Amino acid sequence: EMSSNKKLFVRALFDYDPNEDPTIPCKDAAVSFKRGDVLQIVSMEDDTWWQACHFMDSKSRAGLIPSRQLQERRVALQRPKALFKPRQVKPSAGSRRSFRLGRKSSWAREAARSRRWSAGVHGSIRPPTYMEVIPYRRDPKDRHRLVVLVGPSGVGVNELKRRLLISDPDHYGVTVPYTTREKRRQESEGVDYHFVSIRLFEEEILNHRFIEYGRYQGHYYGTSVDAVHRVMAQGRVCLLDVHPSKIKRVYTSEFKPYVVFVKPPHIEELRLTRRRAKFISDDDDANPEEDFEDMIELADAMENQYGHLFDKVIVNGDIALAFRELKAELKKIEEAEVQWISAEWTCISP
Ligand code: 5GP
């Protein structure tokens, strides 16, 4: 919990506009903020209204903001209304999609989703309000922060990763996965994979050495914590793409993950840009049209459940633009004098 005898900083996980808040005691004494802003908490004495100011803005004066408790109550009241907005389900006859995602099942899924929101990575069931953060000044001899890229499959995470690697191969790096399958002739140990025995792989599973692993055609494949260490020890920025549920495995001060969520654009833009990309490259991996709605739905679900862990959200409509934005963002955090990292990481020493 937050302690009161030191400077306390939080990252806001929601937008707040006092002009749209009829319950604020005094509009002029309130502070507005956007999701992602860093606020310095000045007083938490009142249970309902805290006092805070914007950290970066020297002109900013302290004012009222909703307390965590108040915001949690509000979210609890608002959630069901926002979530049960009826979705339009096209009744196109014989469509695989309308069969799988009838109105009822999609509502049931959203209800389940609304029960799952959690604020801390370590399991506390709370709606996201404020996350305590601390300033981090990276020394040039410190390792770079781990960059975690997440997003629904097909959204372009792999392509962004590929472009980053090509753009600066000495600066970025990726992990070498482990597998239990046989090495193919053109492959080399430690480059394409670490080829290991089933016994060793299963031992490593039991020792929690994998960030994620899975089975494919009877073989194990997985990414280990050590593989990330190795890339970071080379002085590189390690790029890791995993399902957002795996973030908690690297949510420690040794990795200081910077999490980028790649999300699809609006459905019309998605159709347009992906059709164009397919036309140019004749890319067989490109998503067939009927998967677009699924991708958007999955992206929404990810944002709902893990959004509080995302440092940056990038919309991938045009891949060239998305890449430029990502690269600029990574440069910016590397050069920033102060970065704001989770205060949770101070208690978990490497
Ligand atoms: P291959 O055996 O042809 O090199 O890879 C086959 C499949 O294994 C890949 O398409 C991918 O789905 C899966 N795979 C490769 N590396 C990993 C990994 O690190 N983790 C998981 N879960 N699957 C992987």
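Scan the range 191-213 and tell me whether some residue there is surrounded by 12 or more Cβ atoms within 10 Å (Cβ to Cβ), within 24 Å of residue 327 (Cβ to Cβ) and out of contact with any helix residue (DSSP H, G or I) (no Cβ under 8 Å at 6 or more places or on another chain).
No, the range 191-213 contains no residue that is surrounded by 12 or more Cβ atoms within 10 Å (Cβ to Cβ), within 24 Å of residue 327 (Cβ to Cβ) and out of contact with any helix residue (DSSP H, G or I) (no Cβ under 8 Å at 6 or more places or on another chain).
What do you reckon, is residue 178 within 13 Å of the ligand (Cβ to nearest atom), surrounded by fewer than 12 Cβ atoms within 10 Å (Cβ to Cβ) and of a type in the set (Ser, Thr, Tyr)?
no
Criterion first (more than 12 Å from the ligand (Cβ to nearest atom), among the charged types (D, E, K, R), at pLDDT 95 or above and within 28 Å of the chain's Cα centre (by Cα)) does residue 204 satisfy it?
yes
Are any of the residues in the range 185-196 within 16 Å of the ligand (Cβ to nearest atom), touching a residue at least 12 places away in the same chain (Cβ under 8 Å), among the charged types (D, E, K, R) and assigned by TED's automatic domain parsing to the domain that holds residue 214?
Within the range 185-196, one or more residues are within 16 Å of the ligand (Cβ to nearest atom), touching a residue at least 12 places away in the same chain (Cβ under 8 Å), among the charged types (D, E, K, R) and assigned by TED's automatic domain parsing to the domain that holds residue 214.
Identify the single condition in (1) over 15 Å from residue 130 (Cβ atoms); (2) modelled with pLDDT of 95 or more that residue 5 does not satisfy, given that it satisfies every other one.
Just one mismatch for residue 5, condition (2).
Being within 25 Å of residue 134 (Cβ to Cβ) and touching a residue at least 60 places away in the same chain (Cβ under 8 Å) is the filter; apply it to the range 210-235 and report the residue that is farthest from the ligand (Cβ to nearest atom).
Among those residues, the one meeting the criterion is 235.
Picking from 181, 145, which residue would you name as being closer than 16 Å to residue 218 by Cα and either modelled with pLDDT of 95 or more or not in a helix (DSSP H, G or I) (or both)?
Of the residues listed, the single one that is closer than 16 Å to residue 218 by Cα and either modelled with pLDDT of 95 or more or not in a helix (DSSP H, G or I) (or both) is 181.
Within the range 44-71, can you find the residues that are assigned to a helix (DSSP H, G or I) and surrounded by fewer than 16 Cβ atoms within 10 Å (Cβ to Cβ)?
The one that is assigned to a helix (DSSP H, G or I) and surrounded by fewer than 16 Cβ atoms within 10 Å (Cβ to Cβ): 69.
The values are calculated or read from the model by the stated rules, or taken from the named source; none is laboratory data. These figures come from a predicted structure and were not determined experimentally. For neighbour counting, all protein chains shown are included, and Cβ atoms are generated from backbone atoms with ideal geometry for every residue, glycine included.
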